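Okay, so here's the structure we're looking at.
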Amino acid sequence: MSKRLYVTPYRCIDCKVCEQACSLAKTPVPGIPAKPRVQTFKVDDQTNFVLLCLQCDEASCQKVCPTDALVRNPETGAIEVNDRCIGCGFCVQACPFGCMDYDDIHNEYIKCDVCKGDPACAKYCPTGALVWDEKAWTDQEAKERTEKKSTDPFSIALEMAKK
Amino acid sequence: MSKTKTSKTVHLTIDGQNVEAPKGAMILDVTPGLGVEIPSLCAHPGLEPFGACRLCVVEIQKPGWDDWYKQLVTSCLFQVEEGLKVWTNSDEVRQNRKVVLDLLMARVPASDVIRDLGNQYGVTKTSYAEVDTEDTCIMCDICVRACHAIGRDAIASMSRGPDKYVDVPDKDACIGCLVCANLCPTNAIPFTANDNGKRRIWGKEFDLVTDERSGEVLGTTEYIEHVRKRAEDKGLLCPEDMKHESARVKRYGYAQKLSHVADVEEPIEEVK
Amino acid sequence: MTSSNGKPFGSVKNLLKRAEKILKERKKLKQEIRVCAGPGCIALGAKDIHKELCKQLDDHKKELEAAGLELNVTLSEKCTGCHGMCEAGPIVTIEPEGTFYTGVKPRDTKKIVEKTLLKDQLVDPLLYQLGHHRGGGKVKHYADIPFYSLQLRVALRKVGVVDPTNFDDFLAEGGFQAFAKAIAEMTPEDVIDQVEKSGLRGRGGAGFSTGRKWRSALRVKEDRVWLICNGDEGDPGAFMDRAIMEGDPYSVLEGMMIGAYALGATDAWIYVRHEYPLAVEHLQMAIDKLTNAGLLGENILGTGMTLNVRISRGGGAFVCGESSALMRSLEGKVGEPRAKYVRSVEKGLHDEPTVLNNVETFTCVPAIIDKGAEWFASMGREKSKGTKAFSLVGKVKHTGLIEVPMGRTLREIIFDIGGGIIDDRPFKAVQTGGPSGGCLPAGKLNLQVDFDTLADAGAMMGSGGMIVMDDHTCMVDVAKYFINFLIGESCGKCVPCREGLYQLYDLLNKITNGEGKPGDLETIETLCHTMEVASLCALGKSAPYPVTSTIKYFREEYEEHINDGVCRAGVCPKLIVYHINDDCNGCEVCRKHCPTNAITGEKKKLHVIDPDLCISCGICKSVCKFDTIDIMSGGKIVSRDVVA
Amino acid sequence: MTPSKKAGVGSPRSGAKTSKTKKKNGAGKNASKVILAATDEILAHYPLEEASLIMVLQELNDQLNWLPPKALERVAKKLNVPFGKVQGVATFYRAFSLKPKGKKTVKVCTGTACHVRGASMLVDELKRSLEVEPGEGISEDGNFSLETVNCVGACAMAPVAMIGDHYYASMTPGNIAKMLKKEKPE
């Protein structure tokens, strides 16, 4: 199984490092940072959430695209925007998770392409909320990663240090 | 779109570089990344090749031809072949690009894009009679093809020959998506993207829909309706949810849903 | 129309039997009067003549019957297609004697019936008169007229012979023998072999080998092959295809049927120019009759072959003569050509394999099958076999439709067949190949006409228009005319053609207006080169030929226009002035007709043209009965005839 | 025919402004009913697909003498072709007129044979006397429209003018007035 980006929401401390890292990694012209492909939200006082493209198997964005500009990269499994994009923005409207976006500074449609197999967000995530992993999680792990809540950044950091 | 999917590859040389390219690709498609620059105004990778501007001409030689014999072809329409030799910047190529730019400069003297491109090829002033026009349309048909691609067919090229022009004969078909204006190589389609919640293009005024939470402009009412319909036709993930104003609105809803927060303050359906 | 019992022919045998029977019946007829119903003759009243002839014959019959006698001549009178010699129309011929009457008027029919038909006498004033250089004299039989005797008719073999509305007539003249032979005795492979061996090249312009085209279509293994007959004859000054479609629609269809048999095609289109309503009418009539006779539709002649032929009328666009544009047009789209890198035998109409041939090409096919490839290949030259139809027009004495073997010289065609230049003026140029062709000067008169020699000389075969020009034709004006024509016909898709033609016209227009600058010719040449190499389709690529060929052969005329402001032919309005010479007798006709009141003068006194008011419209010269109005350019008289 | 100034994006030239029909042609609902009835009648004879478009327009043009916008809309809807494409086709082909025509159309052949025998002078003279441009407009009395055609295939009688089915052979600028007088509708 190829690597995937896994999100463990309870570990997220809304530090926005992933956004920064993504922005820098995707910046075509130095000095003008790009819009990040990943976003973190504070859902409530206790919960943060990382919003990231799910790389759906039957992706809405792909289906609605009139010019086949969204193509899955067989190596990374991620759907990428290629140069056939004519900028109609249908994908932005179609994605139910809001993971397609338009970068009005660099005038292009953007989505997470897992940095061609080396996602900057996961690389720099200090808490392990974002992990680039190839291992398939057991049900128990998955449950734990998605459900376990923690509001204490230190405990998370500790956990990370233990690993 | 017209690229045929095939695993077979062919080998050719472009300006002396050995290139391996998928069979069925056009010469223009395989040049990116080679450090070879071929100017083009009417080609767009996402649209059917058209071959109107003739700026992307290159010289080719097929295996078996006499050494002196080369042919000028448009690279956006010419498929790569095994053993093909391509010259993208020979004297003949530059000469013909120069004449084409000279002609375009006479046609659209007001266009900066053409003027800049012309300067690159040594055309500072057209040698022909300037057509007295403020307009910068060069009839590349990109807008027509793009409008066809998104499924509206609002824009059509009318008449023929030098009288050819581009128009939207059926205003109802236009959804104000601005794709045409954004793709236009010479910025010939005037529009107002957002003027107090109104958008104007092709002589039609549209109401804009704004996302209440982020304040972002989502598009015109007609545009959102078109995407919703298209999404329904394609059988997308949540055609029901597409009836809401936009996916963007749902982003926040889903964010809440996915994070398994039990105490969502407002029900998702009501998020607008 | 159908087999004798009114039912469709069920087999090849039935068809041949029927043909024999008709032929036997025909032999009883003593004479046949043929009235030419080509476009030229119809315009001059051929229909009235036919009506009148029928009436006259009827009257005679009744008269004789009343007297208890029987008409001792059995005859058939029919309207045929174009005889070719349009300028002498309307034409009436009487077979089997071959009596050839020209310039017939309705009132002459009485004489024709009474004298020629009943008493075997000739009506002298209607006979064709030879030119002075041939010793004058009247000719009885058309075979004795050089115009006909030097021709060899293959594609036009039945035009002017058969009644295009009568299927029986076509059978009687040997029609459908070739199709019967192909379907009964030959395999599709044999048919293609024969066509390939004959060396037949496409008559539409490009001259691609027909046999090879068919073979390559056969190689593309697809379920469906479309067959298209291109009758969109857009070249001004060319009307061969029109004459064939109007005068001999069955031969076109027979050729298509043989093609369909060879290729296994089941659907065919005939694309006819919208300006040719009569061609559409005759073709449709022929299709209906053939369908009723079981020669089209399903299970043709009981062989299981299926072919449906439909007619599409072109929308009036010259560019639709280009095959890919024509196919777009058939799909209901704008007729814009497609890049040539995709071959239409693989992906043509509706992206399915398509074979497209010209009307004349299809018409040649039955003759080849009938008489054999060797017969066809024995005519013409090494690389251009067979014959070619031309429309010979312009300032030539015998304008009309001709067909000669490939390899005849221009001189033979223009001077021997065409009879030379009107008023025996000097020959200046001949323009071949329609608007995209080129002009050849007197020095090229000995050129042997075929596909390759014309191309080498900077002209082209095209569809076969041949326009003759005398010294009163301005070559710059001719070039400008063709460019203007092409501006209106360019589809406007690619820049070199759309903008290039526009600018080329602008430059030529300036030259003819006396505003040309030194260096203009070089600009034109550069532009022409780019148009030739960088345009998308054949129309754009060949569009500069009229300009390049005239510059090549008549450069000094361009230079005169630019440097001296002189138009030696007296054509370009801005470079000429009208002047009334001393022979004027003051008849006042010109003064009355002048639209701008530029002419002053009293009765019986010399009139004067005010050059400031004169707009060079030429009306005065056309109305002056005493030929006293001269055209001056650069201070010299360059008088020209307003009306040829 | 000089190359005219070209129109550009959003500034359609004459051809597209079909909505401006003459008052007398749009004599209320009745006229449009007639147009639509004729359109439906023609459409009934063809398969409702894009390939029929040109043939339908041909017949429509033959019958109505021009292509009213209403008819085009109907055709677009029935054949399921975008209206823009129908307009594009209607303006591309010479055979179609998007403007009403005069009672009679004077067609001057400008084929090569006619040209070398002086057809351009005929066109100039007709432009002057009818005060219309070829392919555009109707003469002031509403009787004539002017058109140039590339070749009527009557090259032997050049230069040729055609009104209706009638050919006027070997025309000169001088006898145009006579021809128009003769052809003037009652």
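The values are calculated or read from the model by the stated rules, or taken from the named source; none is laboratory data. Owing to the predicted nature of the structure, the values given are computational and were not obtained by experimental measurement. Because the Cβ atoms are built from the backbone with ideal geometry, glycine has one as well, and the counts that use them run over all protein chains shown.
List of remarks:
- If the condition is being under 16 Å from C:GLY586 (Cβ atoms) and either surrounded by fewer than 19 Cβ atoms within 10 Å (Cβ to Cβ) or acidic (Asp, Glu) (or both), then region C:605-633 contributes C:LYS605, C:LEU606, C:VAL608, C:LYS625, C:PHE626, C:ASP627.
- The residues listed here are C:ILE287, C:ILE270; of these, the one that is part of a strand (DSSP E or B), within 25 Å of C:HIS350 (Cβ to Cβ) and at pLDDT 90 or above is C:ILE270.
- C:PRO146 being outside the structural domain of C:ASN358 (by TED's automatic domain parsing) and buried (at least 17 other Cβ atoms within 10 Å of the Cβ): yes
- Residue list for region D:171-186, restricted to those being within 13 Å of chain C (Cβ to nearest Cβ) and either touching a His at 6+ places or on another chain (Cβ under 8 Å) or without any contact (Cβ under 8 Å) to a residue 24 or more places away in the chain (or both): D:GLY174, D:ASN175, D:LYS178
- Among the residues of this structure, C:VAL566 counts as one that is in contact with a strand residue (DSSP E or B) (Cβ under 6 Å, 6 or more places away or on another chain) and in a loop (DSSP other than H, G, I, E, B).
- Residue pairs whose Cβ atoms lie under 7 Å apart, separated by 6 or more positions or on different chains, with the first residue in region B:81-100 and farther than 15 Å from B:TRP68 by Cα and facing chain C (nearest Cβ under 10 Å) and the second of a type in the set (A, V, I, L, M, F, W, C) and in a helix (DSSP H, G or I), are B:ASN96/C:VAL533; B:ASN96/C:ALA534; B:VAL99/C:LEU527; B:VAL100/C:VAL495; B:VAL100/C:ALA534.
- Candidates D:THR112, D:THR148 - the one that is under 25 Å from C:CYS474 (Cα atoms), touching a residue at least 24 places away in the same chain (Cβ under 8 Å), facing chain C (nearest Cβ under 8 Å) and buried (at least 19 other Cβ atoms within 10 Å of the Cβ): D:THR112
Conditions tested, residue by residue: (1) surrounded by fewer than 22 Cβ atoms within 10 Å (Cβ to Cβ); (2) free of Cβ contacts under 8 Å to residues at least 40 places away in the same chain; (3) hydroxyl-bearing (Ser, Thr, Tyr).
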position	(1), (2), (3)
A:CYS12	no, no, no
A:SER23	yes, yes, yes
A:PHE41	yes, yes, no
A:LEU51	yes, no, no
A:LYS63	yes, yes, no
A:ASN73	yes, no, no
A:GLU80	yes, yes, no
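- Residues that are under 30 Å from C:GLN503 (Cβ atoms), in contact with a strand residue (DSSP E or B) (Cβ under 9 Å, 6 or more places away or on another chain), of a type outside the set (D, E, K, R) and free of Cβ contacts under 8 Å to residues at least 40 places away in the same chain within region B:156-210 comprise B:ALA156, B:SER157, B:MET158, B:SER159, B:TYR165, B:VAL166, B:VAL168, B:PRO169, B:CYS180, B:ALA181, B:PRO190, listed in sequence order.
- Residue within region C:583-597 that is outside any loop (DSSP other than H, G, I, E, B), aliphatic (A, V, I, L, M) and buried (at least 20 other Cβ atoms within 10 Å of the Cβ) present: no
- For C:GLY492, the conditions (1) in a loop (DSSP other than H, G, I, E, B); (2) at the interface with another protein chain (Cβ under 9 Å from one of its Cβ atoms); (3) touching a residue at least 60 places away in the same chain (Cβ under 8 Å) all hold with the exception of (3).
- Any chance C:GLY332 is within 14 Å of chain D (Cβ to nearest Cβ) and under 27 Å from the mean Cα position of the chain (by Cα): no
- Subset of region A:66-85 [more than 9 Å from chain B (Cβ to nearest Cβ) and in a loop (DSSP other than H, G, I, E, B)]: A:ASN73, A:PRO74, A:GLU75, A:THR76, A:GLY77, A:ALA78
- Test: residue in region C:519-530 that is surrounded by 24 or more Cβ atoms within 10 Å (Cβ to Cβ), touching a residue at least 12 places away in the same chain (Cβ under 8 Å) and not assigned by TED's automatic domain parsing to the domain that holds C:ALA238: yes
- Enumeration of residues in region C:292-321 that are more than 11 Å from every other protein chain (Cβ to nearest Cβ), buried (at least 16 other Cβ atoms within 10 Å of the Cβ) and either of a type in the set (Asp, Glu) or part of a helix (DSSP H, G or I) (or both): C:ASN292, C:GLY321
- Some residue of region B:102-114 being within 14 Å of chain D (Cβ to nearest Cβ), touching a strand residue (DSSP E or B) at 6+ places or on another chain (Cβ under 7 Å) and β-branched (Val, Ile, Thr): no
- On inspection, B:GLU205 passes the criterion of being more than 11 Å from chain A (Cβ to nearest Cβ), farther than 20 Å from A:GLY87 by Cα and either modelled with pLDDT of 80 or more or crowded, with 19+ Cβ neighbours inside 10 Å (or both).
- In region C:322-359, the qualifying residues are those that are of a type in the set (Val, Ile, Thr) and not in a helix (DSSP H, G or I), and the one that is modelled with the lowest pLDDT is C:VAL342.
- Flag if C:ALA429 is small (Gly, Ala, Ser), more than 27 Å from C:TYR250 (Cβ to Cβ) and either assigned to a strand (DSSP E or B) or touching a strand residue (DSSP E or B) at 6+ places or on another chain (Cβ under 8 Å) (or both): yes
- Residue that is touching a residue at least 24 places away in the same chain (Cβ under 8 Å) and either assigned to a loop (DSSP other than H, G, I, E, B) or surrounded by fewer than 24 Cβ atoms within 10 Å (Cβ to Cβ) (or both), where the choices are C:GLU254, C:GLU233, C:GLU246, C:GLU281: C:GLU233
- Boolean, C:CYS572 is crowded, with 17+ Cβ neighbours inside 10 Å, over 30 Å from C:THR526 (Cα atoms) and under 38 Å from the mean Cα position of the chain (by Cα): no
- Looking across region B:126-143, the residues that are at the interface with chain D (Cβ under 9 Å from one of its Cβ atoms) and either hydroxyl-bearing (Ser, Thr, Tyr) or free of Cβ contacts under 8 Å to residues at least 24 places away in the same chain (or both) come down to B:ASP132, B:THR133, B:THR136.
- Condition check for C:GLY407: closer than 28 Å to C:VAL159 by Cα and not assigned by TED's automatic domain parsing to the domain that holds C:SER209: yes
- Within region C:76-106, considering residues that are farther than 24 Å from C:ILE414 by Cα and of a type in the set (Asp, Glu), the one surrounded by the most Cβ atoms within 10 Å (Cβ to Cβ): C:GLU77
- Taking strands (runs of 3 or more DSSP E) as the structural unit, those lying wholly within region B:44-138 and holding at least 2 residues that are among the β-branched types (Val, Ile, Thr) correspond to B:57-61, B:71-74.
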